């Protein structure tokens, strides 16, 4: 089997159905399977998958993972996958036609390619926000790296809504860190960047604009309040993610409240209010991440 499409989901049955339906037009119909990892859902997720199973010719497997956590669910998908490549699609994303085939074709270019990501176009509920700073677009999982198939150069990485791995990579590389990644309502992240950085130690990372997906952004996230919260959790993620790498970093970050105090005066510059609130949120997230790492 060439590919395993993995969708990890939690209480998004309606979105999941649309994600699954987008797989009907894929070119490698006889050569890929679909794995849905239900991460503790209490809605109609199981029924949605069962109905989809009855309407398609390719294998669809439903797996219930009761231990909450996006990284936990992704790791379960990797362990269960039977394909040469593991393709992750978010449960609120819609794959383009030939998405599977385009990703597989990139992997087939070179056995040294260990990770492939594709373009991610936003679908804004109610329209794109005019106030969103360009530097914060990636926090909404938007990716448009290049107009052709190219190697992604560090520090650029694919995003989890549309990322794939050669399964043999995990014979020598640990899976996603389960102390990173979303659990419940928190916005902990950086599990993808941490894993891809390790993959880069042995393999190359590629991008294809032809393997694109549309990623829904609900109205509940289109606010400055949500974005500040997301930036705060990025600070937490950065601190937790760095904890294993350097004890010196963690010890130095114990002094981070000073950064917060130094940032406060910038709030009086109205032209930079949002950017500096963002900076404070990130720094406060770093503090929480340090404390979390030492618990």
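FYI, it's all coordinate maths here, none of it is from the lab. Given the structure is predicted, the values throughout are model-derived calculations rather than measurements. Ideal geometry is used to build each Cβ from the backbone, glycine not excepted, and the neighbour counts take in all protein chains shown.
Run through all the Cα pairs of segment 2-106 and give the fraction in each 5 Å bin from 0, expressed as whole percent.
It works out to 2, 14, 26, 27, 20, 8, 2, 0, in whole percents.
In nm, to one decimal, how far is the modelled label at residue 124 from the one at residue 178, with both set 7 Å along Cα→Cβ?
In this crude spin-label approximation the distance works out to 3.9 nm.
Can you grab the distance from the C-alpha centre of segment 86-131 to the C-alpha centre of segment 1-56, Å, no decimals?
16 Å
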